[in-house]
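First the structure, in the form of C-alpha cells, and then the observations on it.
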Amino acid sequence: MLGVGALSLVLLYSSCKKTDSSTTTQTNDPSFVNGLYLTKASNLQINFTYGFGSDSLVFNDKNYINASNDTFDIEDLKHYFSNFAIQKADSTWIYFQNINLVDVKNGRNLTLNFPNIPAGNYSAIAFDLGLDKTHNSSMGFEGDLDPAWGMYWTWNTGYVFFRMMGRNPRTQEGYSLDLGGDNNLPHLVLSLADFKVKSVMPQIGIHMDLNEIFQSPSNYSFVNDGMAIHSNTSPGAIKLAKNMEDMAKVVTLK
Amino acid sequence: MKLGNKVGLLLLVIACKKDLPIENTSYNPIPYQLQLPIGRTWTQFPIPSENPLTVEGVSLGKLLFEEKMLSANNAISCKSCHQPAYAFSDGGKQFSEGINQLKGNRNAPALFNLGWTELYNITGHRFFWDGGKGSLEQQVIGPIVNPVEMASNTKEVVNKLQNSPTYPRLFKKAFGTDSITIGLVAKAISQYERTLISGNSYYDKAERRERLRTPSEQNGMIIFSTEKGDCFHCHGNLSSAFFTDFNFHNNGLDEVSLDSGLFRVTGLPADRGKFKTPSLRNLVFTAPYMHDGRFKTLWEVIEFYNSGFKNSPTLDPFISKHIPNGGLNLTPIEKTDLYNFLVSLSDTDFVLKHK
C-alpha cells in the first residue's frame, strides 16, 4: 500500500516536472549552441562499445591485423576509467571523480551512470584511461582499487591502467600489454559539438577503437617493440599510451 | 575409562535433549560472527541474502559435511576426501576414492577462503577445477550425485536424513522447518564452508611483524612478485590476501589436454585446458599438485614452471611470453628461495583448528 502510494507520488512529481521543463525549453534558446543541452539536473548515462577498426570485437575467435602487419587475437581486455568530466558552454568543467575498472570480456562497467548533472549546455567530455597520480598511489584499496582484481602492480608504482592480452594465431606466441605509470596516463577529450541533443535522460555512446592503440602517431609492432610490455618506462609503453589518446570517439548522443 | 565416562555423559545429554519440550527446537537462529583475519585486504565477502550465516546453520553444515549418509553406501562423507588435517584436501592422494574404490580424474581441491571466489570472480564459472558451478550452494550437490564420488541421489539423501532421529530437529533450528530438502542440505554445507578461513600463515605473521622472514624467504617473495618468477599474474599480487586470481588459465601442462577443463563447461575452444587457479596457501598440506595431481612435490611444480611448460593454442600469454627465453631460467638458489617463500604460506593454526 505504502509502496503504491510512493510510486504514484513519484510519477505525479515527474509529470509536474515535465510540464515545467517544456515551458522553460525554447527551441530558439540562444545558449543552445552545441552538444548536450540539459534543461534540468539529470542522469547522464555513458555506454561503451569496443571494436578494432571497422571490425567488431570478438574475444579469442577473431584475428586482427594492425598497421605493422602483426596478426593476433584478443583474449582479455581490462582497463580503468577515471575522472570523467564534461565541459560547460562557458568552458568550465564538471568533474565526476569516478574510478571504474572495466572488464570488457565479462561486460563489467560498460555502462556508467552519473546522476545529478546540472542543467546547461555541454560541449565536450573528457576522461583518463587509467588512474591519476593520487589514486594510483593511494592506499585505499577499496572497491575497484582492491588489489584482488589483479590490476595492482606489486613491484611498480600503482596499478596497471590498461591490460590487453592475446596471441599470434600462427605461432601461438602470446602477447601481454600491461600499461600504466603516472607519466603515461592517456587523457582523452572528445567533442560533443557535432551533436545537438536535448534529452531528459541523455545517453552518450563512446566507441573505443583498439586498432588506434597500434597507430597514430607511431606504429607499434609486436616484432620490433615487444610481445610483452610490463613496465611503464619502456619505449613501447610510452608509444602505446600516446597512441591511445585518439582511440575513443563519441558515436551516439541521445 | 575416563573417555568412556565422557562418552556416556554425552549420550546422556543427547538423550535428555530429545525429550526436551518443543520450544527448544523453535526457530530462533543466532547470527554467526565470521572471524576475518586482520588486515585491510581481507574484505568481507558477500553472503547470499537467502542463506545468511547462523550458528545453527554452520554447525548443521559441519555435521552434514561429515555425514556418511550422503553417500549411496553410507561409507563416505565430504570429509573423507576433504580432510581438515590436509587443509581439506585428500592427504596426498592423486585421485580420491569414491564409493566402491572408484576413482575420478581430478585431485580433490583444498577448501578454504571460498567465499571470496563469489566476490572476485565475476563470471558464472567459479567452483570445481573446471568452473562447473557458479555458487557454493550449487557446487555442493555435485559430489553427492557423481557416480565416482558419493553416487547417491538427492531423493535418497533427503529420505535418509528425514528418517534420522536427529536431523529434522537440527534443520528446524537452522532453517525453521523440519521438512528437509536438498536445497537446505546445500545451504547448510555452504554455510560451514564459508567459515573455513585461512589467514594465519608464517607469511601473514611476517606481514603483521610478528616474525621476520628469512633472507631466502624474502628473496623468494621478490621472485614470486616480479617478472623473474612471474607467479603473481595468476596467483595474485602481494597486496591481495588470496594467492589466486579466482580465474581460469591454461598453465601449459600439456600440448593437448586430455581433460578439457573450462571448455567442458563453456564449449568455447579458447577455454580448452583452462583450470581454476588454486590458492597457494597451505601448499605443504595439499600435495600432490595440479588438477590431476601429477606433481608429487613442490620442487616438481617449480621446475615445471621453470622449464617444463608446453605450448598450445590456449596457453596463457603470461606463460607463453617466457618461451623466447626458454623458460624462467631460475638458478638452483632462486628455486630454493621460491620454495621457501611458498612454504611460508602455510597456516598450521588452520589445520589444527578444524578437526
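Read-outs throughout are calculated quantities, based only on the coordinates presented, and are distinct from any laboratory measurement. Computed from a prediction, not measured in an experiment: that's the story for all the values here. A quick note on method: Cβ atoms are made from the backbone with ideal geometry, for glycine too, and the neighbour counts reach across all protein chains shown.
Values computed for the structure shown
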read-out: Distant-in-sequence amide H partners of residue B:211 (H built 1.01 Å from N, under 5 Å); value: B:206
read-out: Order of A:188, A:110 under a 10 Å beta carbon neighbour criterion, fewest first; value: A:110, A:188
read-out: Likely footprinting exposure, B:272, A:170, B:126, fewest C-beta neighbours within 10 Å first; value: A:170, B:272, B:126
read-out: Separation of the residue A:196 and residue A:116 label points, Cα + 7 Å toward Cβ, nm; value: 3.3
read-out: Two-site FRET efficiency, residue A:157 against residue B:297, from Cβ-Cβ distance with R₀ of 41 Å, rounded to 0.05; value: 0.65
read-out: Whole-angstrom Cα spans of segment B:215-314 along principal axes, big to small; value: 45, 27, 25
read-out: Helix A:2-24 vs. chain A, principal-axis angle (Cα, 0 to 90°, nearest 10); value: 80
read-out: Cα-only radius of gyration and Dmax that characterise segment A:42-253, units Å; value: 17.3, 55
read-out: Whole-Hz couplings from phi, Karplus 6.51/-1.76/1.60, listed for segment B:339-352; x for Gly and Pro; value: 4, 5, 5, 4, 5, 5, 7, 8, 10, 5, 4, 4, 6, 7
read-out: Sequence-separation-based contact order of chain A, relative, with Cα cut under 8 Å and 6+ spacing, percent; value: 25
read-out: Proportion of all alpha-carbon pairs of the protein assembly as shown beyond 49 Å (%); value: 23
read-out: Chain B: calculated mean residue ellipticity at 222 nm from DSSP helix runs of at least 4, using -39500 (n - 2.57); value: -10000 deg cm²/dmol
read-out: Sequence-distant residues sharing a close amide H with residue A:102 (under 5 Å, placed H); value: A:79, A:80, A:81
read-out: Calculated [θ] (222 nm, deg cm²/dmol) that DSSP helices of n ≥ 4 give over chain A, each run adding -39,500 (n - 2.57); value: -4500 deg cm²/dmol
read-out: Under-5 Å amide H pairs with residue B:247, H placed in peptide plane, nonlocal only; value: B:277
read-out: Nitroxide proxy distance, nm - points 7 Å out along Cα→Cβ at residue A:138 and residue B:211; value: 3.5
read-out: Sorted largest first, extent of chain B alpha carbons per principal axis (Å); value: 73, 47, 42
read-out: Overall dimensions of segment B:229-286 as given by Cα atoms, namely Rg and Dmax in Å; value: 12.7, 35
read-out: DSSP-defined beta bridges in chain A - what % are antiparallel, rounded to 5; value: 80
read-out: Exceeding the 24 Å Cα-Cα cut-off - candidates A:105/B:321; B:228/B:353; A:78/A:249; B:79/B:296; value: B:228/B:353
read-out: Footprinting exposure proxy for A:153, A:93, B:42 (fewest neighbouring C-beta atoms within 10 Å first); value: A:93, B:42, A:153
read-out: Label point 7 Å beyond Cα of residue B:159 along Cβ direction - residues of segment B:43-66 with amide nitrogen under 17 Å; value: none
